[in-house]
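Here's the structure, in structure tokens; my notes come after.
Each value in this text was obtained by applying a stated rule to the coordinates, not by laboratory testing. As the structure is a computational prediction, the values presented were derived from the model and not from experiment. Heads up, the Cβs are rebuilt from the backbone with ideal geometry, glycines too, and the neighbour counts pull from every protein chain shown.
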Amino acid sequence: MLAYPATAEPANTAVLDGVDVAVEITVVQVTDRPSQPMAITTSSSDFSCSAVAVPAGLFGLATTSPCTVLLTSGMTQGGTASVLVKSEQGGTSRGASDGVVPAAAVCAVADGTLNRIDGSEACASPLYQQTEATAVAVFGGAGLASVSDIDVTDLVTLEASGSVTLSGSVVYASSPGDASVTISSASISVTPASVAAVDAAVTVVALQSAVVTEMFWSRTPPATVA
């Protein structure tokens, strides 16, 4: 009997967005009886699971489905642990995996200074430049190598304070002043991005346009796909 998680290296993104991560344990059971061919299942009615030597704050097992590993926002540790699986026929297997967790996150903006656009006073209110906000994180755990600069922008909810507002990940300035962009609902350390809207005016000095006239494959694909 072989047990393994659906994700070889589960990442606890719940500490970034507050949404629990559930990873099912899959079991492959092979017998030497022709009448009982190999079977693959995730049904907890066919086997039972229990955590083995799991460090505090790494992961837990779901109460409603005990053969599902559960990662929550309160579990801020990473490392290696095992789940012991027992079948109804008496076989056992141990599924081990490395669980990684974001240790810290950093927000950034493409342009930290948003200038007033010259001539925009003709509108109802002055307009300012806009910029794009991103977030990256460092993933790792005890005994595991850390991997930095993982883009988590699409996983998190960004929030702004001060003189700017957000639409998705785009930062808009509404008035002069200092502001910041950070991650909402994160349970780890987050370094916010600083941005300033200023009255110094900028103006358009040139426009460049481009038209796609040709496309080609760098490597020709096969004529048919199996």
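Test of understanding: ordering 21, 101, 195 by Cβ neighbours within 10 Å, fewest first, what list do you get?
21, 195, 101
Using the count of nearby Cβ atoms within 10 Å as a rough guide to exposure, how do 24, 214 rank from fewest to most?
214, 24
Take residue 191, project a point 7 Å from its Cα along the Cβ direction, then tell me which residues of segment 123-144 have their backbone nitrogen under 17 Å from it.
133-140
For the chain, what is the Kirkwood hydrodynamic radius in Å, using each pair of distinct C-alpha atoms?
21.6
In what sequence, highest mean first, do 117-127, 146-156 appear when ranked by Cβ atoms within 10 angstrom?
In decreasing order of mean packing, 117-127, 146-156 become 146-156, 117-127.
List the Cys residues of the chain that have no partner Cys with a C-beta closer than 4.7 Å.
Here 107, 123 come out as lacking a disulfide-compatible partner, given the Cβ-Cβ threshold of under 4.7 Å.
Report the extension gain between residue 199 and residue 215 in nm, rounded to one decimal, defined as 0.36 nm multiplied by the number of residues separating them, less their alpha carbon distance.
Length difference between fully extended and current span is 1.4 nm.
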